[in-house]
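Engineer: Sending over a structure as structure tokens; questions will come in a sec.
The values are calculated or read from the model by the stated rules, or taken from the named source; none is laboratory data. Predicted model only: the values in this text are computed from it and were never measured. Using ideal geometry, Cβ is built from the backbone for each residue, glycine included, and neighbour counts are taken over all protein chains shown. Quick note on the areas: whole protein, heavy atoms, side chains included, nothing else; ligands and nucleic acids left out. Shrake-Rupley method; radii C 1.70, N 1.55, O 1.52, S 1.80 Å.
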Amino acid sequence: MNLAARQYTLPISPLGALDYVTQPGVWDEMVDPATGIRPHWTEVVATLARFDAREWSARQQRIQRLLRENGVTYNVYDDPRGYTRTWQVDPVPLVLDVAEWLGIEAGLTQRAHLLDLILRDLYGPRRLLREGLLPPEAVYAHGGYLRPLIDALPAERTHLAFYAADLARGPDGRVWVTADRCQSPSGAGYAIENRSVMARTFPELLEDGAVARLNPWLDAVRAALEGMAPAPRDVPQVVVLTPGPANETYFEHAYLAARLGYPLAQGDDLTVRDGRVWLKAVAGLRPVDVILRRVDEAWCDPLELRAESRLGTPGLVEAVRR
């Protein structure tokens with residue numbers, strides 16, 4: 001939400017009439033020019049229309065207060081506010097129809113599976129290159145292709161554990177993927193915190209709108225991470241690896257670590273001994289089974305990747321191989 005949005009005025013009258021005109025050739029999320037308010041927006045519009053200007057302003061102020069109190073920040077580099085830049089939330093949610101979302105979900109699932117198969121092949125048997133389905137120069141000349149990790153992981157296991165996509169809607173209403181995020185994707189922690197703040201500020205929207213819950217995602221992440229442990233253990237040791245407080249999404253790293261119940265670690269908090277990763281703790285070294293990595297992969301190991309890195313842990317690539 002930009003600066004102008006701080007004086008945001010809800011374009012809905014107490015009678016539920018819209019105070020703006022749709023633009024020809026531009027998709028409007030809330031209004032169909034032919035039929036009016038879209039069905040899946042009806043409850044949201046009816047709820048928001050009950051607030052007068054004073055109540056609306058009070059709710060927006062409460063959102064900002066909760067974000068400050070919760071320490072929700074996003075560090076935009078070169079911003080004079082630095083680490084203290086508070087996260088911004090638009091009080092009007094984006095509402096998607098369940099049928100449309102199921103189609104988007106199916107497409108994203110298919111896309112993530114395809115990208116995972118490509119990664120497994122490029123770091124494993126490399127059939128796509130041998131059969132000419134991908135040009136070698138597009139892979140070998142790419143700065144993100146890490147040769148030390150070739151054949152480091154078995155091709156039968158998942159390589160792409162987390163995936164995100166940037167979505168945009170075209171003028172015809174179709175949803176397009178504009179970017180794939182396969183490198184420690186950000187955003188999930190902010191989405192969950194947004195929902196928490198909205199639940200305390202606009203509980204009517206969640207009660208009346210039949211909104212899908214986000215907590216099951218945390219349960220799925222926890223189960224997926226602990227299922228990646230290389231050896232069976234009752235409680236595998238998982239850590240969240242962060243570049244540190246200077247990173248733009250450090251709040252999310254700390255937030256997810258706390259919500260998932262895992263230690264938050266920087267590169268110096270880990271050590272590799274005899275090909276095994278250990279967490280330095282007050283009581284001594286603790287073996288690490290799984291790392292949820294929020295450090296870009298090239299910076300994870302100064303021994304075999306970027307020698308100038310001070311964010312990673314020396315020997316991490318060798319531990320992966322083993």
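Engineer: Tell me which of these TRP101 doesn't satisfy, since it passes every other one: (1) open to solvent by 50 Å² or more (accessible area, probe 1.4 Å); (2) touching a helix residue (DSSP H, G or I) at 6+ places or on another chain (Cβ under 8 Å); (3) of a type outside the set (Asp, Glu).
Structural biologist: Failing condition for TRP101: (2).
Engineer: Okay, next question. Search segment 152-177 for residues that are touching a residue at least 40 places away in the same chain (Cβ under 8 Å) and pair each with any residue that is outside any loop (DSSP other than H, G, I, E, B) and of a type in the set (Lys, Arg) when their beta-carbon atoms are under 6 Å apart and the residues are at least 6 apart or on different chains.
Structural biologist: ALA152/ARG321; HIS159/ARG120; VAL175/ARG169
Engineer: ARG65 - would you say it is open to solvent by 70 Å² or more (accessible area, probe 1.4 Å), closer than 30 Å to GLY244 by Cβ and either modelled with pLDDT of 90 or more or part of a loop (DSSP other than H, G, I, E, B) (or both)?
Structural biologist: It is true that ARG65 is open to solvent by 70 Å² or more (accessible area, probe 1.4 Å), closer than 30 Å to GLY244 by Cβ and either modelled with pLDDT of 90 or more or part of a loop (DSSP other than H, G, I, E, B) (or both).
Engineer: Continuing with the same structure: Output the number of residues of segment 146-189 satisfying the condition of being more than 26 Å from ASN247 (Cβ to Cβ) and either touching a helix residue (DSSP H, G or I) at 6+ places or on another chain (Cβ under 6 Å) or of a type in the set (Phe, Trp, Tyr) (or both).
Structural biologist: Qualifying residue count, segment 146-189: 3.
Yes/no per residue for (1) of a type outside the set (Val, Ile, Thr); (2) more than 24 Å from ALA106 (Cβ to Cβ); (3) touching a residue at least 40 places away in the same chain (Cβ under 8 Å):
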{"residue": "ASP180", "(1), (2), (3)": "yes, no, yes"}
{"residue": "GLY187", "(1), (2), (3)": "yes, no, yes"}
{"residue": "ALA199", "(1), (2), (3)": "yes, yes, no"}
{"residue": "LEU205", "(1), (2), (3)": "yes, yes, yes"}
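Engineer: Would you mention how many residues in segment 219-237 are within 22 Å of GLU193 (Cα to Cα) and of a type in the set (A, V, I, L, M)?
Structural biologist: 5
Engineer: Now for a separate question. Which of the numbered conditions does ALA49 fail, given that it passes all the others? Conditions: (1) at pLDDT below 90; (2) open to solvent by 50 Å² or more (accessible area, probe 1.4 Å).
Structural biologist: Looking at each condition in turn, ALA49 falls short on (2).
Engineer: If you go through segment 255-272 one residue at a time, how many are farther than 16 Å from ASN194 by Cβ and either touching a helix residue (DSSP H, G or I) at 6+ places or on another chain (Cβ under 7 Å) or open to solvent by 30 Å² or more (accessible area, probe 1.4 Å) (or both)?
Structural biologist: Total satisfying the criteria: 9.
Engineer: Could you tell me which of the residues THR86, THR42 is at pLDDT 75 or above, under 29 Å from the mean Cα position of the chain (by Cα) and open to solvent by less than 50 Å² (accessible area, probe 1.4 Å)?
Structural biologist: Just a single option satisfies the conditions, and that option is THR86.
One line per residue, one yes/no per condition, for (1) at positive phi; (2) of a type in the set (Val, Ile, Thr); (3) in contact with a Cys (Cβ under 9 Å, 6 or more places away or on another chain):
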residue	(1), (2), (3)
GLU100	no, no, no
ALA106	no, no, no
GLN110	no, no, no
ARG120	no, no, no
ARG126	yes, no, no
PRO148	no, no, no
THR158	no, yes, no
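Engineer: Looking at (1) open to solvent by less than 30 Å² (accessible area, probe 1.4 Å); (2) in contact with a Phe, Trp or Tyr (Cβ under 6 Å, 6 or more places away or on another chain), find the lone condition where ILE150 falls short.
Structural biologist: (1)
Engineer: Restricting to strands (runs of 3 or more DSSP E) lying wholly in segment 266-322: which have 3 or more residues that are within 21 Å of VAL235 (Cβ to Cβ) and in contact (Cβ under 8 Å) with a residue 24 or more places away in the chain?
Structural biologist: It comes to 276-281, 290-293.
Engineer: All but one of (1) under 28 Å from ALA179 (Cβ atoms); (2) modelled with pLDDT under 85; (3) touching a strand residue (DSSP E or B) at 6+ places or on another chain (Cβ under 9 Å) hold for MET30, so report the exception by its number.
Structural biologist: (2)
Engineer: Let me ask you something else. Looking only at residues that are in a loop (DSSP other than H, G, I, E, B) and of a type in the set (A, V, I, L, M, F, W, C) in segment 226-265, which one is modelled with the lowest pLDDT?
Structural biologist: Result: ALA231.
Engineer: Quick one: GLU131 ticks every box in (1) at pLDDT 95 or above; (2) within 27 Å of the chain's Cα centre (by Cα); (3) loosely packed, with under 13 Cβ neighbours inside 10 Å except a single one, so which number is it?
Structural biologist: (2)
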